[in-house]
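Below: one structure, written as structure tokens.
None of the figures in this text is laboratory data; all of them are computed from the coordinates on show. What you see is a predicted model; the values in this text were computed from it and never measured. Glycine gets a Cβ as well: all are built from the backbone with ideal geometry, and neighbour counts include every protein chain shown.
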């Protein structure tokens, strides 16, 4: 079945909490559908949350453009009207736009969220890829087959119904001795058998209790919310602090030269197990599976789509593991996670 993949690669909003300012930005067309040589236009507006989103006036903005073509542009403007930046790239690749607002001393406001950072790509399907390891497909095909042939123990607990939504907390074993797939399953209480499309959601880096996605289930979908590392989804804060600082410290940045011990392998297998179990639920329509996530969750979503032929749609927002070889081998800007090195066959 044909998959539909949407890569939401751009960060179009950054909030300036110190003064209730925030950037609102967009491109004039889909940012990943430009052609090489075609003008790319960015419209970036500085707004004031305390003024109901009105344009924040009188502030100095400075901007910088970099790109896979090695070109660098910069400029400045006042925030009195939307900042319009028009650029282009004459070969397949991406450009990156960064806009800072200056403080009252003329310095860029500091902090990860206190600037606008975005980009756009031209002929992105023509970008050269790093060659796969020789055993890449054989390895993953064999591991998925091994997972599916390994019997699993499913511990499923029904939680109180809320807003006519059934909620199940699950823990499903993967391989002996490995962490289970855990999380929540939700669906409308009176859904008919075979009536619901499935959405499988993956989350980003860090540890905390997993939110139960009632709103997603209210849209008439079977929703599977998968935890990061097979942790329990509803424990006290101290449990997650221990995972972050001791039990799973530096996860995803360790053992990355071992195909079986690295944390990505475990995440991808747990994602496949969660989908395998959800496919047995009577309410699923036996047709539609959407996988989605942001950051590390986006990497998991892409892997889930690549490893499961039943997945029909993938939405990956600002994905980890993006273009790891771009900077080192192709002199591109490089993607998120470019500092992760190793020969592990990761997506």
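For a protection proxy built on the mean count of beta-carbon atoms within 10 angstrom, sort 224-234, 134-144 highest first, please.
On the way: 224-234: 22.1, 134-144: 13.1.
Ranked from most to least packed, the peptides come out as 224-234, 134-144.
Given the -39500 (n - 2.57) contribution per DSSP H run of 4+ residues, what per-residue ellipticity at 222 nm results for the chain, rounded to the nearest 500 deg cm²/dmol? Before the final figure, lay out the partial values.
Details: 6 runs with 58 residues, N = 347.
Helix contribution divided over all residues of the chain: -5000 deg cm²/dmol.
Compute the relative contact order of the chain as a whole-number percentage, counting only Cα pairs closer than 8 Å that sit 6 or more residues apart in sequence.
Values: 771 pairs, mean separation 55.4, N = 347.
The value is 16 percent.
If contacts are Cα pairs under 8 angstrom and at least 6 residues apart, what is the relative contact order of the range 140-299 in percent?
Working: 296 pairs, mean separation 44.1, N = 160.
Answer for the range 140-299 is 28 percent.
Looking at the calculated P(r) for the range 136-330, what percent of the C-alpha pair distances fall above 22 Å?
Percentage above 22 Å: 46.
Per 10 Å bin, what is the whole-percent P(r) computed from every C-alpha pair distance within the range 10-126?
All Cα pairs considered, the percentages come to 14, 46, 28, 11, 1.
Enter the angle in degrees (range 0 to 90, nearest 10) between the Cα long axis of helix 296-307 and the first principal axis of the Cα atoms of the chain, meaning the one along which they spread out most.
60 degrees
Using the alpha-carbon atoms, what tilt in degrees (0 to 90, nearest 10) does helix 263-278 show relative to the longest principal axis of the chain?
Relative to the chain, helix 263-278 is tipped by roughly 60 degrees.
Hey, what's the Cα Rg ratio for the chain versus the globular rule of thumb, 2.2 N^0.38 Å?
In units of the globular-protein estimate, the chain measures up at 1.09.
Going by C-beta contacts inside 10 Å, put 164, 242 in order with the fewest on the left.
Details: 164 11, 242 14.
Lowest to highest Cβ neighbour count: 164, 242.
What percent does the relative contact order of the range 10-126 come to when contacts are Cα pairs within less than 8 Å and at least six residues apart?
Numbers: 285 pairs, mean separation 37.6, N = 117.
Over the range 10-126, the number comes to 32 percent.
Would you mind listing how long the range 84-135 runs along its three principal axes, going by Cα atoms, in whole Å with the largest first?
Sorted largest first, the three principal extents are 55, 29, 11 Å.
Of the listed peptides 202-210, 68-76, 294-302, 268-276, what is their order by residue-averaged count of other C-beta atoms within 10 Å, with the highest listed first? Write down the numbers at each step before the final one.
On the way: 202-210: 18.3, 68-76: 13.4, 294-302: 25.2, 268-276: 23.3.
Descending packing order for the listed peptides: 294-302, 268-276, 202-210, 68-76.
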